[in-house]
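J.: Here's a structure for you.
Nothing in this text is a laboratory measurement; each read-out follows from the coordinates by a stated rule. Being a predicted model, the structure only gives us computed values, none of them experimental. Cβ placement follows ideal geometry from the backbone for every residue including glycine, while neighbour counts extend to all protein chains displayed.
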Amino acid sequence: METRSTPVAVAVMGPTASGKSRLALALSARFPVEIISVDSAQVYRCMDIGTAKPGHEERVVVPHHLIDIIDPTEVYSAARFRDDAIRLIGEIRARGRLPLLVGGTMLYFKALRDGLSNLPQANAQIRAQIEAEASLHGWPRMHAQLAQIDPVAATRIKSGDIQRIQRALEVYRITGSPLSELIARARDGDAPLPTLGMALVPSDRAELHRHIAARMDTMLQAGLVEELRALRARFALLPEMPSMRCVGYRQAWQHLQGELSAPELRERAVYATRQLAKRQLTWIRATPELALFDSADAGLAEKACRLIAEHLPAQASP
């Protein structure tokens, strides 16, 4: 939990399928909250099934923000999230309500809690140059190029992570400085935002995996493939776009291209989701000052309520 100053918001983080939304709704029954989504996939319009967006009934019960704000052809960054979230936190507090940040995009949480480095805005011309080089030589060659100019970033970025490779090369070509060095520098005036942080950490990893598989089955039965087919008909989508790199949509795209059978789609999507959950848990364990709760604890909601009442008695009176 943050101790540097009084928290201005509550953060509920956890791996995918761990019950974050369920806990958020339970908290909304006890406190006057508004939810700010911390999910890099739920920002996209028309991507409903594969992102497990809260339904209409949930949004009627409690206001939700940063959902359905851009088209799938657009890009949403951690810097933009931070700006949007800080604005929303101020607006929600001005209404006498409690901002509740809920989601599993850990980079967004880090940007909000710890601040961001002073990175340049995207440059369309330089990005086009990088994409042209990648079309000619392949992204593995671009990753090797990154390793020469920024070995620290190259170690952290997988050779298949096209979006991050492109961004790291772009930053270097704009600034002449390695991305890893810029990230290490604190941005002037970009102070950390004090939050009361809690995280759901399943005590039974096998149970989490069962939830992940069950949720993927539900998405497929609800029409994930058909949703992507409709998206491709409506928008000028490409497989390398951030929206189409989201787990589930990436595998559904391969299925529509004839690269994966239906069973393979399901198997690959479940595996990718499990890997995502593993990365999320690793990030959570490395994040200081978090109150950790077992997502299977029957008393989870009550414990979370007590934590909020203890640290935010004035801002969040039941």
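J.: How do the peptides 15-24, 296-305, 139-148 rank, highest first, by the average count of neighbouring beta carbon atoms within 10 Å per residue?
T.: Answer by packing, highest mean first, reads 15-24, 139-148, 296-305.
J.: Sticking with this structure for a sec: Order the peptides 245-254, 230-239 from the highest to the lowest mean number of other Cβ atoms within 10 Å of their residues.
T.: 245-254, 230-239
J.: Hey, another quick one. Starting from the Cα gyration tensor of the chain, multiply each eigenvalue by 5, take the square root, and state the resulting semi-axes largest first in whole Å.
T.: With the √(5λ) rule applied to the chain, the semi-axes are 32, 26, 18 Å.
J.: What value does region 1-160 have for Rg/Rh, both radii from Cα atoms and Rh as Kirkwood defines it?
T.: 1.04
J.: Which value, in Å to one decimal place, does the Kirkwood hydrodynamic radius take for region 124-184 when every pair of different Cα atoms is included?
T.: Answer for region 124-184: a Kirkwood hydrodynamic radius of 11.3 Å.
J.: Taking the Cα atoms of region 1-80 alone, what are Rg (to one decimal) and Dmax (as a whole number) in Å?
T.: Rg then Dmax for region 1-80, in Å: 13.7, 40.
J.: Additional query: Would you grab the residues whose amide H sits under 5 Å from the one on Ala9? Only those 5+ places off in sequence or on another chain, please, with H modelled 1.01 Å from N.
T.: The answer is Leu196.
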